[in-house]
Amino acid sequence: MTFKEPTKQKVDVGDGAAIPTKSDRGLFTAWRFAFVGAIGALAYLAWSKPDPYLEIIRFVPDGIAVTFKVTVGAILLALVFGLITGLGRISSNRFFNGLASLYVEVIRGIPLLVQIFYIYYALGRFVKIPDLFSAIIAMAVCYGAYMGEVFRAGIQSIPKGQMEAALSLGMTREQAMGHVILPQAFKVVLPPVGNEFIALLKDSSLVSILAVADLLRRGREYASESFTYFETYTVIALIYLIITLFFSKLIGIMEERINEER
Amino acid sequence: MKSAERRVMVQARDVVKFYGRFKALDQVSLTIHEGEKIVIIGPSGSGKSTLLRSINRLEEIDGGSMVVNGMDLYSPKTDLTRVREEVGMVFQAFNLFPHKTVLENITLAQTVVRRRSREEAREKALGLLSKVGLSDKANAYPGRLSGGQQQRVAIARSLAMDPKIMLFDEPTSALDPEMIGEVLDVMKELAREGMTMAVVTHEMGFAREVADRVVFMDHGAVVEEEVPEQFFTSPKHPRARQFLSQIL
Ligand SMILES: Nc1ncnc2c1ncn2[C@@H]1O[C@H](COP(=O)(O)OP(=O)(O)O)[C@@H](O)[C@H]1O
Ligand SMILES: [Mg+2]
């Protein structure tokens, strides 16, 4: 047997082979600290002072369900509005383009809370639909405008040559959009859409001013009956924090998965 | 002349193109017959790409007329997609679809535009991949391929539509020198098979070997059109002489 000299590990600079893939270790610990800390704090409060903390925790879950319904409903609808608006913003059709731009400008210029009031009561004037739906539509109309800009930027980030290649193969603009541009744009917009989702989750607390019993509203109801304002809002804040942290992590993992594909 | 009796594939008449106030094409007329191979050369900015791209109306012209495969590109009756599916185009930057595998790149337009079945499209794609020497890359994503391989896939993707004419806009200009040959070889093979081709290139060896005619452009105009022999040995136009002396 011959002695084999240990081959030196070659360090390849440039393609990241020797660089640890996780560069956000610090962030990860910050996330873990906040997430575990929030859950721990909630558990500790419930255990050390069941009255009122455990009572509050028992009272609000209905509100969490409503918050989710509003958030998920609004984000799905906002994605549809956003896609249409984004396509409108890059359309050569004057009317469609103008309409989309007007929508974005108007929505951007009015505070979210005012919009929610306005759309909610405007809807209520003309159609009889459940409050929850009105709230979802109101949120979606607001977020659809921002989502429209996300989609527009995403579509415009795809190199011009992609559309040209698709067209030169005989595809129509619509086919090229559907098969070539949008699939690539969706990947680009995933991180900003994730951010919009988190923002919407938090902003959904605004619907508590309407007759919608979301997490914040349930908290207000409990607090005004028991006069435990500080304790209740402590719990509410911790629950929002846990939910938001959970979803931002989930979205982060999803993005990583998608980037690892192919 | 033999070409006189052949079908006309491209008929450009007095084509004018402006970018703002800049005249990129100045009264360009060009005829390409079926089976003919023309090579377009000229200094950078002389309008070569603009001319090529106006043949499938990726650029709109502002004057003159363009008739391709018997269809007037600017007649309201013309379905532009029908013209484009007969006109293959290969770009300097390859422009493969990065989210699709090599095979999917080649089958997409076949199924969407030509309405071929998946099976038929797949078979066609695999045949073309073997022709360009990339059978083993069918399931790879373009990002994993070298430039030369990507360009060969791009050529296969265009050929899958059974085009009547192929346009090449500096197909080897973005390639490392060692990969130029493999792409030119595919193009030469195509030429041998009788494909009608219009090629913008700086590869003078290719022009000499393959071209039936060399079209020399300068400042948006065609200033000389000649068989390669003649053009390369005794160019008539002073700008052509100057250009050749710079690059040869
Ligand atoms: N989209 C455009 N907008 C403005 N000017 C352009 C555009 N495309 C090309 N040009 C100009 O038109 C001229 C011809 O361009 P091009 O056809 O690309 O030349 P070539 O391919 O011969 O290098 C150049 O001067 C270029 O700057
Ligand atoms: Mg060019």
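The values are calculated or read from the model by the stated rules, or taken from the named source; none is laboratory data. Please read all numbers here as calculations on a predicted model, not as lab measurements. Cβ coordinates were reconstructed from backbone atoms using ideal geometry, including for glycine residues, and neighbour counts include every protein chain displayed. Keep in mind that these areas ignore ligands, DNA and RNA; they rest on the heavy atoms of the full protein, side chains included. Shrake-Rupley method; radii C 1.70, N 1.55, O 1.52, S 1.80 Å.
Can you give me the distance in nm between label points at B:D162 and B:E229, each placed 7 Å from the Cα along the Cα-to-Cβ direction?
3.6
Lys pairs in region A:25-261, Cα-Cα under 29 Å, at least 8 apart or on separate chains: how many?
10
To the nearest 20 Debye, how big is the dipole of region A:25-261 about its Cα centre, given +1 on the beta carbon of each Lys and Arg and -1 on that of each Asp and Glu? Present the calculation step by step, with values, prior to reporting the outcome.
On the way: 20 positive and 18 negative charges, 71 e Å.
For this selection, approximately 340 debye.
In percent, how large is the relative contact order of region A:25-261, given Cα pairs closer than 8 Å and 6 or more residues apart? Write out the running numbers ahead of the final one.
Details: 248 pairs, mean separation 71.9, N = 237.
30 percent.
Taking the DSSP beta bridges in region B:142-248 as the whole, what percent of them are antiparallel, to the nearest 5?
Close to 50 percent.
Quick check on chain A: what are the equivalent-ellipsoid semi-axes from the Cα gyration tensor, as sqrt(5λ), descending, whole Å?
Square roots of five times the eigenvalues give 40, 35, 12 Å.
Positive end of the charge dipole of the protein assembly as shown (Lys, Arg +1 and Asp, Glu -1 on Cβ, about the Cα centre): tell me which of A:L238, A:A100, B:S29 has its Cα farthest that way.
In the protein assembly as shown, that residue is A:L238.
What distance in nm separates the two pseudo spin-label positions at A:A43 and A:E255, each 7 Å out from Cα along the beta-carbon direction?
2.9
When the convex hull of the Cα atoms of region B:194-238 is projected onto a plane and the area is averaged over all directions, what value comes out in nm²?
Mean projected area for region B:194-238: 3.5 nm², to one decimal.
Loop only by DSSP, 14 or fewer other Cβ within 10 Å of the Cβ. Give me the GluC sites (Glu not before Pro) in region A:206-262 that pass, ordered by residue number.
A:E261
Starting from region A:166-233, pick out the chymotrypsin sites (Phe, Trp or Tyr not before Pro) whose DSSP state is loop and whose Cβ has at most 15 other Cβ atoms within 10 Å.
A:F227
Using a Förster distance of 41 Å, how high is the FRET efficiency between B:T78 and A:A65, based on the Cβ-Cβ distance and rounded to 0.05?
Working: r = 58 Å, r/R0 = 1.40.
Here the calculated transfer efficiency is 0.10.
Would you mind working out the accessible area per residue for region A:25-261, using a 1.4 Å probe, and quoting it in Å²?
52
For A:I158, A:I110, write out the residues from largest to smallest accessible area, computed with a 1.4 angstrom probe and no ligands counted.
A:I110, A:I158
For the pairs B:K48/B:K236; B:K77/B:K164; B:K37/B:K77; B:K164/B:K188, flag any whose C-alpha to C-alpha distance is greater than 27 Å.
Flagged as over cut-off: B:K37/B:K77.
Tell me the relative contact order for chain B as a rounded percent, counting alpha carbon contacts under 8 Å between residues six or more apart.
26
Please compute the net charge surrounding A:K202, taking Lys and Arg as +1 and Asp and Glu as -1 over other residues with Cβ under 12 Å from its Cβ.
-3
Determine the dipole magnitude for the protein assembly as shown: charges of +1 sit on the beta-carbon of Lys and Arg, -1 on that of Asp and Glu, nothing else is charged, the reference point is the Cα centre, and the result goes in debye to the nearest 20.
I would put it at about 460 debye.
Considering region B:79-190, what Rg and Dmax in Å follow from its alpha-carbon atoms?
Final numbers for Rg and Dmax: 13.0, 41 Å.
Provide the percentage of antiparallel DSSP beta bridges, counting only those with both residues in region B:41-198; round to the nearest 5.
The answer is about 20 percent antiparallel.
If we count every other residue with Cβ under 15 angstrom of B:E182's Cβ, Lys/Arg +1 and Asp/Glu -1, where does the sum land?
My count for the surroundings of B:E182 gives -2.
Within region B:1-87, list the trypsin sites (Lys or Arg not before Pro) lying in a DSSP loop whose Cβ has at most 16 other Cβ atoms in a 10 Å radius.
Filter output for region B:1-87: B:R6, B:R7, B:R21, B:K77.
Working only with C-alpha atoms, what are the Rg and Dmax values of chain B, expressed in angstrom?
That works out to 18.0, 55 Å for Rg and Dmax.
Given points 7 Å out from each Cα along the Cα-Cβ axis, report the A:R58 to B:I247 separation in nanometres with one decimal.
Going by the 7 Å Cα→Cβ label model, 8.5 nm.
Net charge near B:G63: determine it from the other residues with C-beta under 9 Å of the C-beta of B:G63, scoring Lys and Arg +1 and Asp and Glu -1.
Local charge sum for B:G63: -1.
Give me P(r) over the protein assembly as shown, computed from all C-alpha to C-alpha distances, binned every 20 Å, as integer percentages.
For the protein assembly as shown, the pair-distance distribution reads 18, 38, 27, 15, 3, 0.
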